[in-house]
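Reviewing the structure listed below.
The values are calculated or read from the model by the stated rules, or taken from the named source; none is laboratory data. Here the structure is a predicted model, which is why all the values come from computation and not from measurement. Virtual Cβ from ideal backbone geometry, glycine too; neighbours counted across all protein chains shown. When the accessible area is computed, the model is the full protein with side chains, heavy atoms only, and any ligands, DNA or RNA have been set aside. Shrake-Rupley method; radii C 1.70, N 1.55, O 1.52, S 1.80 Å.
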Amino acid sequence: MMSIRRLLINNHPNCSSFLQQIRNISAISSSHPIFSPPVNPSSSPKIPNFPFSHPFNDFRRSFAKGRKSKDDDNAGTAQVVEDIGPVVKSTAVSLMEAAVDALSRELTKLRTGRASTGMLDHIIVETHGVKMKLNQVAIVTIVDPKTLAITPYDPDTIKELEKAIVSSPLGLNPKSDGQRLVAAIPPLTKEHIQAINKVVAKSSEDVKQSIRRARQKALDTIKKAGYPKDSAKRLEKEIDEMTKKYVKSAEDMCKAKEKEISSA
């Protein structure tokens, strides 16, 4: 080892200073804590456990705070309300029209002293063990303002047709003339007219209640949708106008029926 050192010193004049630097580094390293031999944990003083803060963690926390505040701002903004106006109006119209159509069918069933093809539609005929509406088993035609003709699709069912018409509350007594039945419409008595007018009045009130229920359903839907105040008022006004229109239509139908009954 000494021969190598002499060889380095003789061949390299600066090698002596280089070796001196190595000795200095060795002396420093032996006294520095990081190069010191491991110390028994039980004998070393306990170092306080301070919270460690890393710049990246601080950045993540600050970014999360900023994102939360942004969400809070979005939560405070006004929500966009779906425009359900067309659906609400179309639904209300369907319900109101259905109520008026049902009223029309009920009024057609009433006998007014004049022949009407629809006045027998509600009669149920039992044939071959099956119950069906009269207009499904026969054709009804008007012979004159006071006479109806009922022609069955199956001539063998003519007796069942006759029995069903006689047992109905219309007070008709049809007669067979071969392949069909002929029913004369008797004139209405005063008592009968009064009874029919009561039925018309009740039918009118029932259909108006159905129309108002459709209106209330539409208003409830608007309220639940959270519409802006001005838009809600405008839509409610349109629903009210529709309601008045269909109520008037029902009232006009009933007045026309009462007039028809009275003139008979």
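Summarising the amide proton neighbourhood of I139: residues at separation of 5 or more, or on other chains, whose placed amide H is nearer than 5 Å comprise T151, Y153.
Projected label points at D156 and T189, each 7 Å from Cα along the beta carbon direction, are separated by 4.0 nanometres.
Note on the range 117-264: Rg/Rh from Cα positions, Kirkwood definition for Rh, rounded to two decimals, is 1.18.
Note that the range 108-175 presents 54 Å² accessible area per residue, ligands and nucleic acids not counted, probe 1.4 Å. Amide H to amide H distances under 5 Å link I185 with T147, L148, where only residues 5 or more positions off or on other chains count and H is placed in the peptide plane.
Quick check on the range 91-145: what does the Kirkwood estimate of hydrodynamic radius come out to from the alpha carbon pairs, in Å?
One over the average 1/r among Cα pairs gives 13.1 Å for the range 91-145.
Report, in whole Å, the centroid distance computed from the Cα atoms of the range 94-108 and the range 222-264. Here the two parts' Cα centres lie 13 Å apart. Phi angles across the range 143-154 convert, under the Karplus curve 6.51 cos²θ - 1.76 cosθ + 1.60 with θ = phi - 60°, into 3J(HN,Hα) values of 7, 7, x, 10, 9, 10, 10, 10, 10, x, 5, 10 Hz, Gly and Pro given as x. Here the ratio of the Cα radius of gyration of the range 107-183 to 2.2 N^0.38 Å is 0.98. The alpha-carbon of K245 sits under 23 angstrom from the alpha-carbons of these lysines, leaving out residues fewer than 8 places away in its chain: K89, K202, K208, K217, K223, K233, K237, K255, K257, K259. The convex hull drawn around the Cα atoms of the range 157-214, when projected onto a plane and averaged over every direction, covers 5.9 nm².
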